[in-house]
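Down below is the structure, laid out as structure tokens.
The values are calculated or read from the model by the stated rules, or taken from the named source; none is laboratory data. Treat the numbers as computed from the prediction; the structure is a model and nothing was measured. Every residue, glycine among them, receives a Cβ derived from its backbone with ideal geometry; neighbour counts consider all protein chains shown.
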Amino acid sequence: MIYKDFYPFYASYANPMLYRGEKEQEEEFSLMKSYYPETARRIQEKVEEECDLLDYEGSRLYDEHPDRYMLYHLGRKIMDDVSPQAGMEAMSDGLLEDLVQVLLFHEISRRRCRRRRCRGWY
């Protein structure tokens, strides 16, 4: 096959702008996290720490259908770690638990999507 224009061999293997959209999305997420109230910021930091510990090959976070019981107990663990800190007494337990679970599920969802893109699962 003969091409009219020169086409370097390395350009056919990968698109250099492939992860640009993901980088922009991460920067936007970081910007929006910086606007969180102090309580939500502390909870989000703890959620990210716990998810980092569970972020490995074969983790239960990446199961096709994550176990609801495991997610509930992970949320309770985060809530128990966060609630003794200052400023959490004003929030009722039900509201705090809901906030922890929402932030946890969002973080897990974000990590699952990122892992699927990196592995090419569409």
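What number of residues within segment 1-20 are within 20 Å of ARG110 (Cα to Cα) and either at pLDDT below 75 or in contact with a Gly (Cβ under 7 Å, 6 or more places away or on another chain) (or both)? Step through it out loud before you land on a result.
Our first condition is that a residue be within 20 Å of ARG110 (Cα to Cα); within segment 1-20, this holds for 18-20.
Then keep just the ones that are either at pLDDT below 75 or in contact with a Gly (Cβ under 7 Å, 6 or more places away or on another chain) (or both); that gives 18-19.
Residues that pass the stated criteria total 2.
Those residues that are in contact with an Asp or Glu (Cβ under 7 Å, 6 or more places away or on another chain) and in contact (Cβ under 8 Å) with a residue 60 or more places away in the chain, I need them from segment 22-76; list them, please.
Listed by number, the residues that qualify are VAL47, CYS51.
When you look at GLU97, is it in contact with a Gly (Cβ under 8 Å, 6 or more places away or on another chain), part of a helix (DSSP H, G or I), at pLDDT below 90 and surrounded by 13 or more Cβ atoms within 10 Å (Cβ to Cβ), yes or no? Quick ask: steps written out before the conclusion?
On the way: in contact with a Gly (Cβ under 8 Å, 6 or more places away or on another chain): yes; part of a helix (DSSP H, G or I): yes; at pLDDT below 90: yes; surrounded by 13 or more Cβ atoms within 10 Å (Cβ to Cβ): yes.
When the stated conditions are applied, GLU97 passes them.
Quick one: in segment 38-52, which of the residues that are among the acidic types (Asp, Glu) and over 13 Å from GLN101 (Cβ atoms) is surrounded by the most Cβ atoms within 10 Å (Cβ to Cβ)?
Just the residues of segment 38-52 that are among the acidic types (Asp, Glu), to begin with: 38, 45, 48-50, 52.
Narrowing further to those that are over 13 Å from GLN101 (Cβ atoms): 38, 45, 48-49, 52.
On the way: GLU38: 9, GLU45: 14, GLU48: 16, GLU49: 11, ASP52: 11.
Ranking the qualifying residues of segment 38-52, first place goes to GLU48.
May I ask you to verify whether GLU45 is part of a helix (DSSP H, G or I) and either at pLDDT 85 or above or under 16 Å from the mean Cα position of the chain (by Cα) (or both)? Even if it seems obvious, please write down each step before you answer.
Details: part of a helix (DSSP H, G or I): yes; either at pLDDT 85 or above or under 16 Å from the mean Cα position of the chain (by Cα) (or both): yes.
Yes; evaluated as a whole, the condition is true for this residue.
Give me the pairs: first residue in segment 98-114 and more than 12 Å from ALA40 (Cα to Cα), second residue charged (D, E, K, R), beta-carbon distance under 8 Å, and six or more apart or on different chains, which are they?
GLU107/GLU48; ARG111/ASP55; ARG114/GLU22
Quick one: how many residues across segment 64-73 are closer than 14 Å to SER109 by Cβ and either within 15 Å of the chain's Cα centre (by Cα) or among the aromatic types (Phe, Trp, Tyr) (or both)? So that I can check it myself, show each step before the final result.
So in segment 64-73, the residues closer than 14 Å to SER109 by Cβ come out as 64-66, 71.
Next, from what is left, pick out any that are either within 15 Å of the chain's Cα centre (by Cα) or among the aromatic types (Phe, Trp, Tyr) (or both): 66, 71.
Result for segment 64-73: 2.
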